[in-house]
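*Asks:* Starting off with a structure, shown below.
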Amino acid sequence: MDFNYQEAFSRNLGWVTEQEQASLCNKRVAIAGMGGVGGFHLLTLARLGVSKFNIADLDSFELANFNRQAGASMLTIGRDKVDVLAEQARQINPGCVIETFPNGVDNNNVDQFFSDVDLYVDGLDFFAIEARQMVFAHCHKHGIPAITVAPLGMSAGLLNFLPGQMSFEDYFQWGDRPELEKAIRFLVGLAPGLLHRHYLADPGRVNLKAGKGPSTIMACMLCAGIAGAEALKILLGRGKVWAAPHGIQFDAYRNRIAHTWRPGGNRNPVNRIAIAIARRQLGI
């Protein structure tokens, strides 16, 4: 059967107009990270009808990815994540134009990675501190809207960083701090409502010093749905988009939602207290 874009995405119509669907076809989205959330971001946006992507990841699939990652299977162990996810996106839309960055994003290719991009959606691993700081700084400098939705327990924590508004750096206050301190500030800043903190069954599985923590497929798929809805609003210029220092967290396990507002980001007294408590609990 021949592929037909209009027919393939015709069931989107009603929630978007024909003109909006045509607009989505011409948008380019950059996604760094094709692991836990990044792969689902790509496939969700491909099914929305977005047809141009720049995707980056320097890892290949392994058995430990099976609990949560879109491209992980016995058929893909050892294969580069960018190649697997690009294939899956093209199976949804053979007309997809996808530029892959199999060595990740760094200072040498960041300009190319963000060339002609309308939106950045963050899919980097939680502990990819240096890369995340670089890409968000680039987005802020060049006026590229950026979305991060963090998988936390069985919840998703949303932050949008929009042109002309609070930057990632202003919110998280990373600066030149040690990486462990940045990880703590990232954890606290992602979801100040902390809806997920009540049901961690084995706290010993969280080890920021070792760069390890538990994850669930539920959180990753929630993140993709939320990021897709935010992307639609940003790309089409319609609907309310809450920008940092506003944050939204939905927790499916507790059936609760929290909308937080933290002026000053991690400089806010509430966040400063939470950071101090996190340091003490983690013995740092």
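*Asks:* Which one is nearest to residue 143 (Cα to Cα), of the residues in region 48-67 that are touching a Cys at 6+ places or on another chain (Cβ under 8 Å) and buried (at least 21 other Cβ atoms within 10 Å of the Cβ)?
*Replies:* So in region 48-67, the residues touching a Cys at 6+ places or on another chain (Cβ under 8 Å) come out as 49-53.
In the following step, the residues that additionally are buried (at least 21 other Cβ atoms within 10 Å of the Cβ) were identified as 49-51, 53.
Working: 49: 24, 50: 20, 51: 21, 53: 18 Å.
So, considering only residues that are touching a Cys at 6+ places or on another chain (Cβ under 8 Å) and buried (at least 21 other Cβ atoms within 10 Å of the Cβ), the one nearest to residue 143 (Cα to Cα) is 53.
*Asks:* Now for a different question. Take the residues of region 135-163 that are in contact (Cβ under 8 Å) with a residue 24 or more places away in the chain and assigned to a helix (DSSP H, G or I): which is farthest from residue 249 (Cα to Cα)?
*Replies:* For region 135-163, the residue satisfying everything is 142.
*Asks:* Can you say whether residue 228 is more than 18 Å from residue 140 (Cα to Cα), of a type outside the set (Asp, Glu) and surrounded by 15 or more Cβ atoms within 10 Å (Cβ to Cβ), as far as the supplied structure shows?
*Replies:* Against the criterion (more than 18 Å from residue 140 (Cα to Cα), of a type outside the set (Asp, Glu) and surrounded by 15 or more Cβ atoms within 10 Å (Cβ to Cβ)), residue 228 qualifies.
*Asks:* I need a count of the residues in region 21-47 that are assigned to a helix (DSSP H, G or I) and surrounded by fewer than 24 Cβ atoms within 10 Å (Cβ to Cβ).
*Replies:* Of all residues in region 21-47, those assigned to a helix (DSSP H, G or I) come to 21-25, 38-47.
Next, from what is left, pick out any that are surrounded by fewer than 24 Cβ atoms within 10 Å (Cβ to Cβ): 21-25, 43-44, 46-47.
Matching residues across region 21-47 total 9.
*Asks:* Okay, moving on. Taking region 61-77 only, how many residues are free of Cβ contacts under 8 Å to residues at least 24 places away in the same chain and farther than 11 Å from residue 35 by Cβ?
*Replies:* 7
*Asks:* Sticking with this structure for a sec: Return only the number of the condition from (1) closer than 30 Å to residue 1 by Cβ; (2) of a type in the set (D, E, K, R); (3) part of a loop (DSSP other than H, G, I, E, B) that residue 68 does not satisfy.
*Replies:* (1)
*Asks:* Are any residues in region 73-111 within 13 Å of residue 43 (Cβ to Cβ) and out of contact with any Ser or Thr (no Cβ under 7 Å at 6 or more places or on another chain), and if so, which ones?
*Replies:* Just the residues of region 73-111 that are within 13 Å of residue 43 (Cβ to Cβ), to begin with: 81, 84-93, 96, 98.
The answer is 85, 87, 88, 89, 90, 91, 92, 98.
*Asks:* Assess whether residue 55 counts as being part of a strand (DSSP E or B), touching a residue at least 24 places away in the same chain (Cβ under 8 Å), under 11 Å from residue 85 (Cα atoms) and in contact with a Phe, Trp or Tyr (Cβ under 9 Å, 6 or more places away or on another chain).
*Replies:* Criteria met by residue 55.
*Asks:* Continuing with the same structure: State whether one or more residues within region 263-271 are at pLDDT below 90, closer than 24 Å to residue 136 by Cβ and crowded, with 18+ Cβ neighbours inside 10 Å.
*Replies:* No, every residue in region 263-271 fails to be at pLDDT below 90, closer than 24 Å to residue 136 by Cβ and crowded, with 18+ Cβ neighbours inside 10 Å.
*Asks:* If a residue has to be loosely packed, with under 14 Cβ neighbours inside 10 Å and touching a residue at least 24 places away in the same chain (Cβ under 8 Å) to count, how many in region 239-255 make the cut?
*Replies:* Just the residues of region 239-255 that are loosely packed, with under 14 Cβ neighbours inside 10 Å, to begin with: 239-240, 255.
Next, only the ones that are touching a residue at least 24 places away in the same chain (Cβ under 8 Å) stay: none.
Matching residues across region 239-255 total 0.
*Asks:* So residue 237 fits all but one of (1) in contact with an Asp or Glu (Cβ under 8 Å, 6 or more places away or on another chain); (2) more than 18 Å from residue 181 (Cβ to Cβ); what number is the exception?
*Replies:* Among (1) in contact with an Asp or Glu (Cβ under 8 Å, 6 or more places away or on another chain); (2) more than 18 Å from residue 181 (Cβ to Cβ), the lone unmet condition for residue 237 is (1).
*Asks:* While we're on this one: Exactly one of (1) farther than 25 Å from residue 4 by Cα; (2) of a type outside the set (Val, Ile, Thr); (3) touching a helix residue (DSSP H, G or I) at 6+ places or on another chain (Cβ under 8 Å); (4) part of a loop (DSSP other than H, G, I, E, B) is unmet by residue 74. Its number?
*Replies:* With respect to (1) farther than 25 Å from residue 4 by Cα; (2) of a type outside the set (Val, Ile, Thr); (3) touching a helix residue (DSSP H, G or I) at 6+ places or on another chain (Cβ under 8 Å); (4) part of a loop (DSSP other than H, G, I, E, B), residue 74 is out only on (3).
*Asks:* Another question about this same structure. When the residues of region 235-282 are filtered to those that are of a type in the set (D, E, K, R) and part of a loop (DSSP other than H, G, I, E, B), which remaining residue is farthest from residue 157 (Cα to Cα)?
*Replies:* Taking region 235-282 first, the residues of a type in the set (D, E, K, R) are 238, 240, 251, 254, 256, 262, 267, 272, 279-280.
So of that shortlist, the ones also part of a loop (DSSP other than H, G, I, E, B) come out as 238, 240, 254, 262.
Values: 238: 21, 240: 17, 254: 14, 262: 14 Å.
By that ranking, first place goes to 238.
*Asks:* As an exercise: evaluate residue 132 against (1) in contact with a helix residue (DSSP H, G or I) (Cβ under 9 Å, 6 or more places away or on another chain); (2) over 20 Å from residue 207 (Cβ atoms); (3) of a type outside the set (Phe, Trp, Tyr) and give the number of the one condition it does not meet.
*Replies:* Checking residue 132 against (1) in contact with a helix residue (DSSP H, G or I) (Cβ under 9 Å, 6 or more places away or on another chain); (2) over 20 Å from residue 207 (Cβ atoms); (3) of a type outside the set (Phe, Trp, Tyr), the one that fails is (2).
*Asks:* Also: Could you list, in sequence order, the residues of region 77-93 that are hydrophobic (A, V, I, L, M, F, W, C), surrounded by fewer than 24 Cβ atoms within 10 Å (Cβ to Cβ) and outside any strand (DSSP E or B)?
*Replies:* 84, 86, 89, 92
*Asks:* Please find, among 49, 38, the residue that is touching a residue at least 12 places away in the same chain (Cβ under 8 Å) and over 14 Å from the mean Cα position of the chain (by Cα). Step through it out loud before you land on a result.
*Replies:* Values: 38 fails: over 14 Å from the mean Cα position of the chain (by Cα).
Going through 49, 38 in turn, just one is touching a residue at least 12 places away in the same chain (Cβ under 8 Å) and over 14 Å from the mean Cα position of the chain (by Cα): 49.
The values are calculated or read from the model by the stated rules, or taken from the named source; none is laboratory data. Bear in mind that the values here come from a model prediction, so they are computed numbers and not experimental data. All Cβ positions, even for glycine, are placed from backbone atoms using ideal geometry, and neighbour counts span all protein chains on display.
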